[in-house]
1. What is the packing order of peptides 16-25, 99-108, 81-90, taking the mean over residues of other C-beta atoms within 10 Å and listing the highest first?
2. The chain: D in µm²/s via Stokes-Einstein (Kirkwood Rh, Cα pairs, 25 °C, 0.890 mPa s)?
3. Take residue 75, project a point 7 Å from its Cα along the Cβ direction, then tell me which residues of the range 17-37 have their backbone nitrogen under 18 Å from it.
4. Suppose only helical runs count, i.e. DSSP H with n ≥ 4. What mean residue ellipticity at 222 nm does that imply for the chain under -39500 (n - 2.57) per run, divided by all residues and rounded to the nearest 500 deg cm²/dmol?
5. Consider a paramagnetic label point 7 Å from the Cα of residue 46 along Cα→Cβ; state which residues of the range 10-38 have an amide N under 18 Å from it.
């Protein structure tokens with residue numbers, strides 16, 4: 001039996017809001033979503049069109065950085081510039097994200 005990551009509300013809200021939910025699912029595969037997280041995402045979907053994709057499906061504990069680390073150098077984030085652009089967009093939406101320069105995302109082995 002393989003373990004599915006448990007997703008917190010932050011990554012779900014972040015990636016759905018910039019229409020990049022495929023990056024989240026394409027990188028991590030099937031996810032477990034606690035009921036309170038599902039409720040929060042669906043509540044947002046009712047009020048904000050950016051989250052409409054959340055109503056089309058159902059979403060182990062992961063962070064936005066976890067998703068970005070796993071996606072780095074692959075199909076959805078093939079180079080540093082795509083990482084910079086997406087991280088910048090996500091950071092505008094999530095005041096809990098640290099500056100990119102402090103995350104280690106730009107020094108991952110896939111960029112060397």
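Only the coordinates and a few stated rules stand behind these numbers; no lab work does. Small disclaimer: the values here were computed from a predicted structure and weren't measured. As a convention, Cβ positions derive from the backbone with ideal geometry for all residues, glycine included, and neighbour counts pool all protein chains shown.
1. Taking the mean over residues of other Cβ atoms within 10 Å, the ranking is 16-25, 81-90, 99-108.
2. Answer from the Stokes-Einstein relation: 171 µm²/s.
3. 19-31
4. -14000 deg cm²/dmol
5. It comes to 13, 35-38, nothing else.
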